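Structure first, commentary second.
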Amino acid sequence: MEAIVPIALVLILGLPVLGVLVGARLRKRAVANLGQVAAYCQQRGWQQVQPDRRITQKTWILYEATGTASLNVQGQFAGQHRGMAFQAAQVARPPSPMRTTMQRLAVVYVERPVPGPRLQLAPSGISSTTFLKRDLQIDDPAFDAAFHVSSEHQGFARAVLHPGLTQALARDGRAAESVIGFEQGHLFAVRHGELTPEKLQSMLDMLIDVHLNVPWQQLGSTA
């Protein structure tokens, strides 16, 4: 019994130290990772830019994924790809008493040429982005099985999700790993985890593919 007490004391005192060491290691890895993203962007002619402090005001997805609007933008990048201007970022929810680890999200977004209602596509299943939301069925069996669709305007959702787009998304592994959001002024893609060069390129190409397959000019009558 006497031997157990010192061991327990060592464990109690050692856990905070271990937490600090693990946190420092993760921060070091995150800095190195964003350095790789910056180098990749430089090779592509893209730039590292000032953080978009209003990013949480542009999409509800980040709040739904993290439960807070108090997020840190750890890195922000911008450029032109396939003739379209884009922004990409890594955002993080800081640790809290209820959650001791930092949560990171990769974000890519482009402007919508036609502002309008919100529409969100998320992988099927219960998650923080689908909880308590009605799943709108688009009558494409493969697409409906793969995605949870939520929108404040069913007519808009059905106009956007025409058969050509739903069939393409149902076969697209990139979309299966992302939450896609049609916000009022932007089109967003969000994935859990750090932003990496591979993830940035994959999300960006997917988002542009979606953007190019939306009949934007026909949506005014459905908004």
Only one of (1) surrounded by 12 or more Cβ atoms within 10 Å (Cβ to Cβ); (2) modelled with pLDDT of 90 or more; (3) under 17 Å from Q76 (Cα atoms) is not met by I61, so which one is it?
(3)
Of the numbered conditions (1) surrounded by 15 or more Cβ atoms within 10 Å (Cβ to Cβ); (2) farther than 24 Å from R54 by Cβ, A145 satisfies every one except a single condition; which is it?
(1)
Restricting to segment 111-159, count the residues that are more than 27 Å from A78 (Cβ to Cβ) and either of a type outside the set (A, V, I, L, M) or without any contact (Cβ under 8 Å) to a residue 12 or more places away in the chain (or both).
28
Of all residues in segment 80-123, which are β-branched (V, I, T), under 26 Å from E152 (Cα atoms) and at pLDDT below 95?
V114
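Would you confirm whether or not segment 165-175 contains a residue that is out of contact with any His (no Cβ under 7 Å at 6 or more places or on another chain), part of a loop (DSSP other than H, G, I, E, B) and modelled with pLDDT under 95? Talk me through it step by step, then tell me what you get.
Quick first cut of segment 165-175, residues out of contact with any His (no Cβ under 7 Å at 6 or more places or on another chain) only: 165-175.
Cutting the leftovers down to part of a loop (DSSP other than H, G, I, E, B) gives us 171-172.
Now drop any that are not modelled with pLDDT under 95, which leaves none.
Looking through segment 165-175, none of the residues is out of contact with any His (no Cβ under 7 Å at 6 or more places or on another chain), part of a loop (DSSP other than H, G, I, E, B) and modelled with pLDDT under 95.
For segment 190-212, state whether one or more residues are outside any helix (DSSP H, G or I), of a type in the set (V, I, T) and buried (at least 16 other Cβ atoms within 10 Å of the Cβ). If you could, list the steps in order and put the result at the bottom.
Let us first name the residues in segment 190-212 that are outside any helix (DSSP H, G or I), namely 190-196.
From what's left, of a type in the set (V, I, T): 190, 196.
Then keep just the ones that are buried (at least 16 other Cβ atoms within 10 Å of the Cβ); that gives 190, 196.
Checking segment 190-212: at least one residue is outside any helix (DSSP H, G or I), of a type in the set (V, I, T) and buried (at least 16 other Cβ atoms within 10 Å of the Cβ).
The values are calculated or read from the model by the stated rules, or taken from the named source; none is laboratory data. Since we're looking at a predicted model, the values are computed, not measured. Glycine also receives a Cβ, built like all others from the backbone with ideal geometry; neighbour counts cover every protein chain displayed.
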